[in-house]
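What follows draws every value from the coordinates through simple rules; no lab data is involved. Keep in mind that what you see is a predicted model, and the values were worked out from it rather than measured. For neighbour counting, all protein chains shown are included, and Cβ atoms are generated from backbone atoms with ideal geometry for every residue, glycine included.
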């Protein structure tokens, strides 16, 4: 069905322009579209029944904007201000179209621009028509048949529907057709073509029997070939599968063996390295402990040993002190004997006077030796303070500590030396002590400093450290660098890696006396003999 030339509404409400328009504008807006047709085109009348009346045709609507054709049906496009009246209605064009349609014999009712209405008793020529279930009685086809007529259903008399005495071919009558050539494909409509002979030419139609005979022989041959090919393929596939399985098993076994060998070698190397590092650390610790114990024993011997020499030739301070006491006792005994001799030799006054003079001289010498021995002992006492339970702040006389002073800490069980500002662990070896720091790394950590896992702050001197990562000794400069009490790895450690820093402390042994210095400080036997003489004089 065709499309109406215009649409109409009986409920449209008169409205106004929402905005002004000029004579050349092709769109307008209305204040209200209540009742307007929902489809277009339709007609609007602007300023109806006035000298400025204009008829427009609405062609499209986008939102509130109407696309229009201006100055329709003899009116002229004009400028209209906002508020101008707008009505939906009809014009002379609607009535003119209606009357023209009534008078027209062609191009009406949407049958085509050149088509005419078919009348029941009007002589007309019909083309491109299909008659459905018609009844045609005594029809005679005259003139040339220029197209194919299709008659569906109905009743057709082939003897009367003819051209030049030749019967027409119908769709339902039984007829013999000869000398005919199909101009296009034959559609049998689901029916069979029967009575065909066996084909003899390449383009002849084949019968069912001919086709089945040929196809059966070919199918048998093809089936035999396919069966043989399938058997060969199956055997080849089985052989290939077996070969692939053997190759895969061999490759898997070889790969597993190689991985196992490499893993075993790596584990063995790591274990050997860790064992060597542990043995080295243990040996160093034992060496330091032995050195500390030796220094402690040696210092104790120099201070208190009374049996034999300390180093094979010299005696301890206590030994010399005891010797001095013994000599003093002997001097006292000699003095008593001298007193008895003086009584017995009263007649030898001049000799006694001489002896008294000598005794006085010896007393002075003995006093000097005793003073020297006391001074020597005081110097030694100022340097070796003996056993203490905590670090002393003064020497045994209550005086300021001297640099190089020593004491043995009974709690730490270590010798300590005073460096002028504080006490440091000491030993007789050049490597005096070992301190081990252990850190558990975070992801990608490179800098290690401050408190370790045991809350001990990292402290070391220069390059006197060894650094281990997961038991592997690292190379300074290549694997890590150092700054003040800080170790920085060249590559970040993995999460939970264990970094161990072994720090060695070195120091100079506290001030000591050589043999000649000790001899100069201790009293000689001659000096002690002088003490005996003084004792004899009662001085």
Handout entry: residue 286-residue 326 FRET efficiency (beta carbon distance; Förster radius 60 Å; 0.05 resolution)
Key = 0.90
Practice task
Subtract the Cα-Cα distance of residue 436 and residue 20 from 0.36 nm times their separation in residues, and report this length gain in nm to one decimal.
Solution key: 140.1 nm
Problem - Fewest-first sequence of 95, 36 by Cβ atoms within 10 Å of each Cβ - result: 95, 36
Completion exercise
Whole-Å distance linking the alpha carbon centroid of region 470-497 with that of region 378-394 is 41 Å
Practice task
Determine, for 45, 126, the number of other Cβ atoms within 10 Å of each Cβ, and report the residues in order from fewest to most.
Solution key: 126, 45
Problem - Taking 280, 207 and counting other C-beta atoms within 10 Å, the order from fewest to most - result: 280, 207
